[in-house]
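Remarks on the structure that follows.
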Amino acid sequence: MEIALPSQNRTIAVATLAVLVLGLTLSFSTWRNLRQQQDAFKEHALVTARSIAAGIEINLNRELHLPSLAGSSNAALLLRRTLARELLQDHIKRTDARFIGLFTHNGHILFSSHSDPKALQEQLPTIAWESMGTAGEWSGELNFEGQPLMVLGRLSPQSVDIINNVGQSFTESEPPLLLVGVDMAQHLAAFGKYKRTAILQTSYILAVTIIFWILLMGFLQRQEQSQRLHRLQSFNARLLDHMPDGLLTIATDGTIVAANPSALALVGSQTSVGQHWPSFLTSLGLDTPQQTDQEWTTYKSDGKHLEVLQLALKDGSGQSLVLIRDRTEMVRLEQELHRTEKLAAIGRMAAGVAHEIRNPLSALRGFAQFFSKKLAGQEPEELYAQTMVQEADRLNRVITDLLFLARPRQLELTHILLAEVFQEVHTLLSMDLKARHCVLTSDLHAPSLVADRDALKQTLINLLHNSIGAMPAAGGEIVLASQAETRGIWVTIEDNGQGMSAEDKEHALEPFFTTRDQGTGLGLAIVHTIMQEHEGSITIDSSPGQGTCISLFFPQTHLQES
């Protein structure tokens, strides 16, 4: 069974979006930090180049102005040039500089620390010369002989006197150009290490985040499955607890391991779990059903019609499942349907033959009365004539009862005083009561009810006739009582006659069922029909030799509304 749950798509979407935002934020932050760090390393290399350039200018200016190097002879000029070149080479050895050179504005080489001075000069872009000429300084990265260099080129006014001392002529307005190339290998190595560390840290954080996200998704899915399972279990438990059919689980040794409330209610037991299934049925007066796949075993217990089916569970556990369903209402409806069909057939027959029988029956009764008067005082002829009249009257009553059963009636509901109806019925049956030595009394706790007056009177007459007929020769007592309750009024007729057996009680409401030689079997059937028309009920409580109590229930709420 599928159980609907509140959707967690929103939670999943928020979690996924959070992971994406975090990933993008970390990536952007790492990229920005790397850019800043790269710029910092470049700035450090540029500062180094500027420091070296300043040191070169100071050292050249100091060394080339020594008194021992004074003079303008060729030997002094050559010595100053040689000393300048050695100073540049010494800076190469002591610093990170890989190239140092002095140039004119047109690119003419004055001094250079490299054996091939034009090697770096030729790699400088045109914009470098333009920037040094206009802005006074240019810096950039170049790859020189397979090594990355931070190249600084700038105007060097401090070198004017130095250059003039080695035989060149410069002015303050057009000073020489100083180029310094600083090795960036260490800077790039440090930056590469920092970059790897930053990428590893970012990757680690992203990996942890993704793993956490996966675990979160798994947790949410597990939670959803757990909720579905819990709801399914709760639904199944409620379904089993409230299903109308009983359900028992039987272990392999025959022990009842589970039972729903309906099962206990149907078998009329307070508990069954832990009991042995066959012994449990035996204690209830029932036989153990055969374990089949499709056959139901029918039982009748305490007025209930039960059907039991035992099935083996196909899960390899060896346990079995017992289903118990109450067929009492269904049996009642089937019996009611059978009774209705029977009454319908009787009605059709009665409607067809009533006219044909009553006309000749009236003629026969008239002739019987004539002969009864004609033969008055002549025995046994007078007795025969009176018997014919009585039998004609009895046959006419049978036809009337048949028509009453078959003909639908419209109830005329009125407010009835039970004391008045009791008095009328008592008057009508006074001769019969006297003949059977019976005493009819009343115990009316509910003084009135809403019903059809004629139908109520007919019901009481039929029931009292039956009670009178069930009395022994010595007579007995009949009590007509009434009692009110919330839903309606109970009217009971109780006698201390011979009573009925269980079998007779089961068929008492069927048409034409009677245990008396002179009975028609239609009295209780008519009472049953009247109670159905009132949407009430009839209950028979009787045992052989213990008398009979018939209770009629008249619902009042809906009848009063009608």
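So, in the stretch 177-201, of the ones that are small (Gly, Ala, Ser) and not in a strand (DSSP E or B), which residue ends up nearest to GLY101 (Cα to Cα)? If we take residues in the stretch 177-201 being small (Gly, Ala, Ser) and not in a strand (DSSP E or B), then ALA185 is nearest to GLY101 (Cα to Cα).
Please specify each residue of the stretch 136-157 satisfying the condition of being among the charged types (D, E, K, R), without any contact (Cβ under 8 Å) to a residue 24 or more places away in the chain and within 19 Å of ASP96 (Cα to Cα). None - no residue of the stretch 136-157 is among the charged types (D, E, K, R), without any contact (Cβ under 8 Å) to a residue 24 or more places away in the chain and within 19 Å of ASP96 (Cα to Cα), so the list stays empty. Of everything in the stretch 488-520 that's farther than 30 Å from ALA392 by Cβ and out of contact with any strand residue (DSSP E or B) (no Cβ under 6 Å at 6 or more places or on another chain), which residue is surrounded by the most Cβ atoms within 10 Å (Cβ to Cβ)? Applying the filter and picking the extreme gives GLU506. In this structure, does LEU232 turn out to be under 34 Å from the mean Cα position of the chain (by Cα) and modelled with pLDDT of 80 or more? For LEU232, the condition - under 34 Å from the mean Cα position of the chain (by Cα) and modelled with pLDDT of 80 or more - is met. Out of all the residues in the stretch 238-257, is one or more out of contact with any His (no Cβ under 9 Å at 6 or more places or on another chain), loosely packed, with under 15 Cβ neighbours inside 10 Å and small (Gly, Ala, Ser)? No, there is no match, as no residue in the stretch 238-257 is out of contact with any His (no Cβ under 9 Å at 6 or more places or on another chain), loosely packed, with under 15 Cβ neighbours inside 10 Å and small (Gly, Ala, Ser). When ILE468 is tested against (1) of a type in the set (A, V, I, L, M); (2) touching a Lys or Arg at 6+ places or on another chain (Cβ under 9 Å); (3) more than 14 Å from VAL439 (Cα to Cα), only condition (3) is not met.
Hey, among LEU337, LEU364, which residue is within 27 Å of ALA525 (Cβ to Cβ), at pLDDT 75 or above and either of a type in the set (Phe, Trp, Tyr) or more than 60 Å from the chain's Cα centre (by Cα) (or both)? Write out each step before concluding.
Numbers: LEU337 fails: either of a type in the set (Phe, Trp, Tyr) or more than 60 Å from the chain's Cα centre (by Cα) (or both).
Only one candidate passes the filter, namely LEU364.
Taking the stretch 444-465 as the range and being in a strand (DSSP E or B) and within 18 Å of LEU429 (Cβ to Cβ) as the test, only LEU444 passes.
For the stretch 405-419, state whether one or more residues are in contact (Cβ under 8 Å) with a residue 12 or more places away in the chain, farther than 18 Å from HIS534 by Cα and loosely packed, with under 12 Cβ neighbours inside 10 Å.
If we filter the stretch 405-419 for residues that are in contact (Cβ under 8 Å) with a residue 12 or more places away in the chain, which is where we start, we get 405-407, 409, 411-419.
Restricting the remaining residues to those that are farther than 18 Å from HIS534 by Cα gives 419.
Restricting the remaining residues to those that are loosely packed, with under 12 Cβ neighbours inside 10 Å gives none.
The answer is no, given that none of the residues of the stretch 405-419 is in contact (Cβ under 8 Å) with a residue 12 or more places away in the chain, farther than 18 Å from HIS534 by Cα and loosely packed, with under 12 Cβ neighbours inside 10 Å.
Scanning the stretch 87-102 for residues that are of a type in the set (Val, Ile, Thr) and surrounded by fewer than 22 Cβ atoms within 10 Å (Cβ to Cβ) yields ILE92, THR95. On the given criteria, is PHE191 at pLDDT below 85, among the aromatic types (Phe, Trp, Tyr) and within 29 Å of SER320 (Cα to Cα)? So PHE191 fails the test. Here is a list of conditions, (1) within 28 Å of ALA344 (Cβ to Cβ); (2) among the aliphatic types (A, V, I, L, M); (3) touching a Gly at 6+ places or on another chain (Cβ under 9 Å); (4) assigned to a helix (DSSP H, G or I), and ILE468 meets all of them except one; can you say which number that is? Status for ILE468: all satisfied but (1).
Looking only at the stretch 155-176, filter to residues that are of a type in the set (S, T, N, Q) and assigned to a helix (DSSP H, G or I); which one of those is modelled with the lowest pLDDT?
Looking only at the stretch 155-176, we keep the residues that are of a type in the set (S, T, N, Q), and these are 156, 158-159, 164-165, 168-169, 171, 173.
Filter again for assigned to a helix (DSSP H, G or I), leaving 158-159, 164-165.
Values: GLN158: 61, SER159: 57, ASN164: 50, ASN165: 47.
Ranking the qualifying residues of the stretch 155-176, first place goes to ASN165.
Put simply, of VAL450, VAL439 the only residue that is surrounded by fewer than 17 Cβ atoms within 10 Å (Cβ to Cβ), in the same structural domain as ILE530 (by TED's automatic domain parsing) and at pLDDT 90 or above is VAL439. Could you count how many residues in the stretch 521-548 are in contact with a Ser or Thr (Cβ under 6 Å, 6 or more places away or on another chain), surrounded by 14 or more Cβ atoms within 10 Å (Cβ to Cβ) and farther than 19 Å from HIS338 by Cα? Adding up the residues that qualify gives 2.
Which residues, taken from the stretch 393-418, are farther than 17 Å from MET349 by Cβ and either assigned to a strand (DSSP E or B) or at pLDDT 75 or above (or both)? Working first, answer last.
Quick first cut of the stretch 393-418, residues farther than 17 Å from MET349 by Cβ only: 393-394, 409-418.
Hits for the stretch 393-418 are ASP393, GLN410, LEU411, GLU412, LEU413, THR414, HIS415, ILE416, LEU417, LEU418.
Take the conditions (1) out of contact with any helix residue (DSSP H, G or I) (no Cβ under 8 Å at 6 or more places or on another chain); (2) at pLDDT below 80; GLN186 misses just one of them, which is (2).
The values are calculated or read from the model by the stated rules, or taken from the named source; none is laboratory data. Quick caveat, the model's predicted, so the values are computed rather than measured. Glycine also receives a Cβ, built like all others from the backbone with ideal geometry; neighbour counts cover every protein chain displayed.
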